[in-house]
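Notes follow once the structure below has been shown.
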Amino acid sequence: SVLLANRHDSNLGEKATVQVEVGYLLLDDANLASTALLSIHWQQPDCIYEVELMPSSNIPIQNLQVPFSRGMPIVTFYPKIVTHGILPAILQQYTAAPPSFLIGNLRISISISTPLGVE
């Protein structure tokens, strides 16, 4: 069905698979931040609205002296591959020829709480 083909949480149809991994927030001095919140949103290239893939969630904070470890997959979604009907504002981002297809924009927001407030 058309509705199922447009859903981002189903891999039916011609779709890409996107997996976002985040292990932790890496800071020079982890003692300067008490908490970090991460949220992830996605916008299809043929739609003006964003979809919240992950609401604000705590992520660990570590400092640079800790050995790097790979992140854990926290979001997997299946955006449809868009070849026509791409919003003009999105196409304007390309100074050369636009790509033949797009899967959308991913917005990752991190909010850090410090002893002095939120940055």
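The values are calculated or read from the model by the stated rules, or taken from the named source; none is laboratory data. What you are looking at is a predicted structure, and each value in this text was computed from that prediction instead of being measured. So basically every Cβ, Gly included, is an ideal-geometry build from the backbone, and we count neighbours across all protein chains shown. Accessible surface is based on the protein model in full, side chains and every heavy atom, while ligands, DNA and RNA are left aside. Shrake-Rupley method; radii C 1.70, N 1.55, O 1.52, S 1.80 Å.
Here residue 36 meets each of (1) assigned to a strand (DSSP E or B); (2) under 20 Å from residue 101 (Cβ atoms) with one exception, condition (2). When region 73-87 is filtered for residues that are in a loop (DSSP other than H, G, I, E, B) and within 18 Å of the chain's Cα centre (by Cα), the ones remaining, listed by number, are 78, 79, 81.
Check whether at least one residue in region 43-60 is over 17 Å from residue 111 (Cα atoms), in contact with a Pro (Cβ under 7 Å, 6 or more places away or on another chain) and open to solvent by less than 50 Å² (accessible area, probe 1.4 Å), and report yes or no.
Taking region 43-60 as the starting set, the residues that turn out to be over 17 Å from residue 111 (Cα atoms) are 43-51.
Retained after the next criterion (residues that are in contact with a Pro (Cβ under 7 Å, 6 or more places away or on another chain)): 44.
From the residues that got through so far, the ones that are open to solvent by less than 50 Å² (accessible area, probe 1.4 Å) too are 44.
Yes - at least one qualifying residue is present in region 43-60.
Considering only residues that are closer than 30 Å to residue 15 by Cα and surrounded by 14 or more Cβ atoms within 10 Å (Cβ to Cβ), look in region 62-75 and name the one that is modelled with the lowest pLDDT. Give the derivation first.
Of all residues in region 62-75, those closer than 30 Å to residue 15 by Cα come to 69-75.
Now drop any that are not surrounded by 14 or more Cβ atoms within 10 Å (Cβ to Cβ), which leaves 74-75.
Numbers: 74: 79, 75: 88.
Going through the qualifying residues, I end up with 74.
Considering only region 5-27, state which residues are of a type in the set (A, V, I, L, M, F, W, C), touching a strand residue (DSSP E or B) at 6+ places or on another chain (Cβ under 9 Å) and within 15 Å of residue 76 (Cβ to Cβ).
Taking region 5-27 and keeping what is of a type in the set (A, V, I, L, M, F, W, C), we get 5, 12, 16, 18, 20, 22, 25-27.
Going one step further and asking which of them are touching a strand residue (DSSP E or B) at 6+ places or on another chain (Cβ under 9 Å), we end up with 5, 16, 18, 20, 22, 25-27.
Within region 5-27, 16, 18, 20, 22 qualify.
Total residues in region 76-119 satisfying the condition of being hydroxyl-bearing (Ser, Thr, Tyr) and in contact with a helix residue (DSSP H, G or I) (Cβ under 9 Å, 6 or more places away or on another chain): the figure is 1. Go through region 88-108 and give me each residue that's open to solvent by less than 40 Å² (accessible area, probe 1.4 Å) and modelled with pLDDT of 85 or more. Scanning region 88-108 gives 102, 104.
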